[in-house]
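The block underneath contains the structure these notes are about, expressed in structure tokens.
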């Protein structure tokens, strides 16, 4: 019942959003006419993310009979960033975030064989400082509306990494640096005093985040950990 209600609410919100966009596209008065001709412009970005880890088991996983399975649980987070946009041509731009803070929490769910609690969750909280750079291709402007797609990459430095920690065996150590590939879709909606850009972005980690320690119970069953993140954000330019 709740699932159906959430679907109905999401459907109504989509109708409202696209209805308002359609209405803006039909407006005759143009706002921010010189916005796209500027060589540089800046903005503030606020986003909501859902992240998880793609886990590759260690080849010796089957030999560790105390841990039956391990999987990553989707967890929410927020992003706060500054935008710097460099115009290349009428349809191409470079969109970079010189300051991008990502607050996230990712959980590992372990199924154990010999412990009193057969299931245990290990949480990894992180605050990352990122530098995403993307090339964006935009459509022609339709009155006060424009669509764009983008792709590129980002470098993240985890300010709260526990790689060097010396704690007990309930620890999963992660490296500080991460490189990801990104793709996404966005919209420019022009208002009299600003441009609002809703954006949906997918990030896929390329580097292995796991600093494997064979002496740690919850680490030795994992070989590689790669980040995955979906972000919905709003940028005011």
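The values are calculated or read from the model by the stated rules, or taken from the named source; none is laboratory data. Keep in mind it's a predicted model, so treat the numbers as computed, not measured. Here the Cβ is made from the backbone with ideal geometry for all residues, glycine too, and neighbour counts use every protein chain on show.
Restricting region 188-209 to residues that are under 19 Å from the mean Cα position of the chain (by Cα) and surrounded by 18 or more Cβ atoms within 10 Å (Cβ to Cβ) leaves a set whose member that is nearest to residue 57 (Cα to Cα) is 209.
Apart from one condition, residue 89 fits all of (1) without any contact (Cβ under 8 Å) to a residue 60 or more places away in the chain; (2) assigned to a strand (DSSP E or B); the exception is (2). Within region 218-229, none of the residues are over 30 Å from residue 29 (Cβ atoms), modelled with pLDDT of 95 or more and either more than 16 Å from the chain's Cα centre (by Cα) or part of a strand (DSSP E or B) (or both). Tell me, please, whether a residue that is without any contact (Cβ under 8 Å) to a residue 60 or more places away in the chain, touching a strand residue (DSSP E or B) at 6+ places or on another chain (Cβ under 7 Å), outside any strand (DSSP E or B) and more than 21 Å from residue 230 (Cβ to Cβ) can be found in region 118-126. Yes. Looking at region 97-114, can you tell me whether even one residue there is in contact (Cβ under 8 Å) with a residue 12 or more places away in the chain, out of contact with any strand residue (DSSP E or B) (no Cβ under 8 Å at 6 or more places or on another chain) and closer than 23 Å to residue 59 by Cα? Yes, region 97-114 has at least one match. The one condition from (1) modelled with pLDDT under 95; (2) closer than 25 Å to residue 80 by Cβ; (3) surrounded by 15 or more Cβ atoms within 10 Å (Cβ to Cβ) that residue 233 does not meet is (1).
Candidates in region 207-217 are the residues that are touching a strand residue (DSSP E or B) at 6+ places or on another chain (Cβ under 8 Å) and in a loop (DSSP other than H, G, I, E, B); of these, the one that is nearest to residue 69 (Cα to Cα) is 217. Looking at region 131-141, which of its residues are in a strand (DSSP E or B) and either under 20 Å from residue 172 (Cα atoms) or touching a residue at least 40 places away in the same chain (Cβ under 8 Å) (or both)? Result: 132, 134, 135, 136, 137, 138.
Any residue that is at pLDDT 90 or above and either on the phi > 0 side of the Ramachandran plot or crowded, with 17+ Cβ neighbours inside 10 Å (or both) - is there at least one of those in region 86-93? Taking every residue of region 86-93 in turn, at least one turns out to be at pLDDT 90 or above and either on the phi > 0 side of the Ramachandran plot or crowded, with 17+ Cβ neighbours inside 10 Å (or both).
Could you tell me how many of the residues in region 40-54 are closer than 9 Å to residue 231 by Cβ and surrounded by fewer than 19 Cβ atoms within 10 Å (Cβ to Cβ)? Summing the residues that are closer than 9 Å to residue 231 by Cβ and surrounded by fewer than 19 Cβ atoms within 10 Å (Cβ to Cβ) in region 40-54 gives 2. From the list 70, 21, the one residue that fits, being modelled with pLDDT under 75 and either assigned to a strand (DSSP E or B) or in contact with a strand residue (DSSP E or B) (Cβ under 8 Å, 6 or more places away or on another chain) (or both), is 21.
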